[in-house]
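Take a look at the structure set out below.
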Amino acid sequence: MEKIDLLLSEANLRLKLSNSGIRILKRGNKLSLRGILPAKIKGKPSQQVVSLGIYCNAAGIQSAERKAQKLASELALNEFSWENWTNKSSSYGSCGYWIKEFEAD
């Protein structure tokens, strides 16, 4: 097993032992979080993936583990908001952005 894979497995084991319900995924060369999260619009909570934009290296895995703990904490305290976990720069072209702009105009 490669060192990075071992670090990732250890981080996921710590998250599992803490009953966080969140896991770290390696997707290509970047890291993401996966867990049961509230629906982005309306609907039942379902398994979702949150892209972190963090490279998969030792420092990135440490950072992803801290973010996973923060996400689990927000979920436990009912303080979760998608606005805190989505890429703000991509919202410029979203339908929601243009609807708000249209209504403001």
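The values are calculated or read from the model by the stated rules, or taken from the named source; none is laboratory data. Small disclaimer: the values here were computed from a predicted structure and weren't measured. Glycine also receives a Cβ, built like all others from the backbone with ideal geometry; neighbour counts cover every protein chain displayed. The area values use the complete protein model at the heavy-atom level, side chains included, leaving out ligands, DNA and RNA. Shrake-Rupley method; radii C 1.70, N 1.55, O 1.52, S 1.80 Å.
Based on this model, can you work out whether Ser46 counts as over 11 Å from the mean Cα position of the chain (by Cα) and at pLDDT below 95? Here the answer is yes, as Ser46 does meet what is asked.
One residue stands out among those in the range 60-105 that are surrounded by 10 or more Cβ atoms within 10 Å (Cβ to Cβ) and of a type in the set (A, V, I, L, M): the one that is modelled with the lowest pLDDT, which is Ile99. Restricting attention to the range 34-49 and to residues that are touching a residue at least 12 places away in the same chain (Cβ under 8 Å) and out of contact with any Leu (no Cβ under 6 Å at 6 or more places or on another chain), the residue that is surrounded by the fewest Cβ atoms within 10 Å (Cβ to Cβ) turns out to be Gln47.
For the range 50-59, a residue qualifies if it is in contact with a Gly (Cβ under 9 Å, 6 or more places away or on another chain) and exposed (fewer than 12 other Cβ atoms within 10 Å of the Cβ), but none of them does. Among residues of the range 50-79 that are acidic (Asp, Glu), those with a Cβ under 8 angstrom from a residue that is open to solvent by less than 20 Å² (accessible area, probe 1.4 Å) and not in a helix (DSSP H, G or I), sequence gap 6+ or separate chain, pair up as Glu65/Ile24. Taking (1) in contact with a Pro (Cβ under 8 Å, 6 or more places away or on another chain); (2) at pLDDT 95 or above in turn, Ile22 satisfies each apart from (1).
When Leu6, Leu25, Leu15 are checked against the criterion of being touching a helix residue (DSSP H, G or I) at 6+ places or on another chain (Cβ under 8 Å) and either surrounded by 11 or more Cβ atoms within 10 Å (Cβ to Cβ) or of a type outside the set (S, T, N, Q) (or both), a single residue qualifies: Leu15.
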